[in-house]
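S.K.: Would you mind keeping the following structure in view while I ask a few things?
None of the figures in this text is laboratory data; all of them are computed from the coordinates on show. As the structure is a computational prediction, the values presented were derived from the model and not from experiment. Here Cβ is always computed from backbone atoms with ideal geometry, including for glycine, and neighbour counts include all displayed protein chains.
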Amino acid sequence: MSQVLFFDYSKGRNPLGGVHALLDKSGFVEMIPNSGSVAIKLHMGELGNIRYIRPVFVREIVDIVRDRGGRPFLFETVASYPGERDTKQKYLNTAVKNGFAEATVGAPVVITDDEDKQEIIPISNRINDCELEQAKVPSLLLESPCILVVSHVKGHDLTGFGGALKNVGMGCVSSETKRAQHFVNMPQFNNSDCDGCGKCIESCPTDAIKLVNETVEREVSECISCGTCLFRCPLHCWVWPAGSKEKLQVYMAHVASAVLSEYKGRIGFVNFVQDVVPHCDCAAPSGQPVVQDVGIVFSFDPVAVDKASLDLVDRAPIIPGSTSVTPPDLLGKMHQTDSLVQLVTAEKLGIGTLKYEMVTI
Ligand code: SF4
Ligand code: SF4
């Protein structure tokens, strides 16, 4: 059983003090290497998203790391699909607009892309029909002697729920490895309602879709499974393949397992259970909160911290009118999937446990 520490917002204390309390009580601060680098891994939000982790919390973490003698930096990888974060420069510009710059958070912001040196990690322990054979992880991250994975707990269109596992499995890898996972979600075309409006053709970033004899055709080899066609089609002619949401979670857990198996330093996981919206930090907009803000949790176990976060969401008061679904797995049900698939797979792969003891501080 893993220990999960919980700073409860309902007690009316200063939330910024919660970050201090969690990192102190857990012993994470003792692991900060003197003069060594500390990667703070977080998603800095798509442009137009306003529900990502607030920079003021990150500044607090940076100050704690620096006070303990560490050299903090914010770490993130570019998005693998079109948007305002798909190149280093675009991500840096978006980060500044969203409040993440050295002047505000007190540490450098480092974004990597596939041009940066990557470690190739074989995925040999595969279960539940995972076909991924390797993951590519930026060397810069693996070389850091200490990592704090800071995650915003929210819903996700494909994985149901996004927390620490998603921040590692999808957020800590190359675009190539992100796409390899998303390959299972390549939208399928159902032509029964298509009126040939062309919106999917115009929006496809790789020109994979064409109109041939007044019928939409997609060249599979050119598709990067970004989902843009599905989101843009007004008649819902593109659909996610059956079972692909669960399959993506299986793949993501394998990649998270690969990343964590190769990491030789110290790592902790902080989840912010606040601004719990239906869609992920990549979405703009990401919707209105569905439950009241809950608090912050910490664990050295990524599975336990995510399971505790899911349970806290399920126990939190639902904001009236925000959703018609009910717990358990409120976020998974909102997206017609089972959010536990990623956690159960990760537990089977040995990177953590679903059983936890929650200690409220
Ligand atoms: S076909 Fe659809 S999923 Fe594939 S690249 Fe084009 S927009 Fe993205
Ligand atoms: S956006 Fe939808 S309706 Fe328009 S051409 Fe594409 S599939 Fe057909």
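S.K.: So, in region 207-361, how many Lys pairs have Cα atoms under 26 Å apart, if the pair is 8 or more places apart or on different chains?
M.R.: The result is 16.
S.K.: Also, quick follow-up: Just to confirm the filter: which GluC sites (Glu not before Pro) across region 50-148 are DSSP coil and have at most 16 other Cβ within 10 angstrom of their Cβ?
M.R.: 115, 131, 133, 143
S.K.: I need two numbers for region 189-239: Rg to one decimal and Dmax as a whole number, Cα atoms only, in Å.
M.R.: When restricted to Cα atoms, region 189-239 yields Rg and Dmax of 9.7, 25 Å.
S.K.: Given the DSSP H assignment, sum -39500 (n - 2.57) over each helix run of at least 4 residues in the chain and divide by its residue total; what's the result at 222 nm in deg cm²/dmol, nearest 500? Kindly include the intermediate steps, with their values, before the conclusion.
M.R.: Working: 13 runs with 114 residues, N = 361.
About -9000 deg cm²/dmol.
S.K.: Then there is this: Going by how many other beta carbons lie within 10 Å of each one, how would you line up 231, 189, fewest first?
M.R.: Ranked by crowding around the Cβ, least crowded first: 231, 189.
S.K.: While we're on this one: Of all alpha-carbon pairs in the chain, indicate the percentage at a distance above 40 angstrom.
M.R.: For the chain, the share of Cα pairs beyond 40 Å comes to 10 percent.
S.K.: Remind me, relative contact order of region 189-239 in percent, using alpha carbon pairs under 8 angstrom and six or more residues apart?
M.R.: 44
S.K.: Further question on the same structure: Sequence gap at least 6, Cα distance under 8 Å: using those rules, report the relative contact order of the chain to the nearest whole percent.
M.R.: Computed value for the chain: 25 percent relative contact order.
S.K.: Which percent, nearest 5, of DSSP beta bridges in the chain are antiparallel?
M.R.: 50
S.K.: Please state, as a whole number in µm²/s, the translational diffusion coefficient that the Stokes-Einstein equation yields for region 220-262 at 37 °C and 0.692 mPa s, with Rh defined as the Kirkwood radius across alpha carbon pairs.
M.R.: 262
S.K.: Separate question: Expressed as a whole number of Å, what is the distance separating the alpha-carbon centroids of region 3-33 and region 76-122?
M.R.: What the calculation gives is 27 Å, centre to centre.
S.K.: If you filter region 187-283 for GluC sites (Glu not before Pro), then keep DSSP loop positions with at most 12 other Cβ within 10 Å, what is left? Intermediate results must be reported in sequence, preceding the final value.
M.R.: On the way: sites: 202, 214, 217, 219, 222, 246, 262; in loops: 214, 219.
Counting only loop positions with at most 12 other Cβ atoms within 10 Å, the GluC sites (Glu not before Pro) in region 187-283 are 214, 219.
S.K.: Does region 288-361 come out rounded, prolate or oblate by the C-alpha gyration tensor, with a ≥ b ≥ c the root eigenvalues, rounded set by a/c under 1.5 and, if not, prolate when a/b is larger than b/c and oblate if not? Present the calculation step by step, with values, prior to reporting the outcome.
M.R.: Values: a/c = 3.00, a/b = 1.41, b/c = 2.13.
Taking the square roots of the gyration eigenvalues as a ≥ b ≥ c, region 288-361 is oblate.
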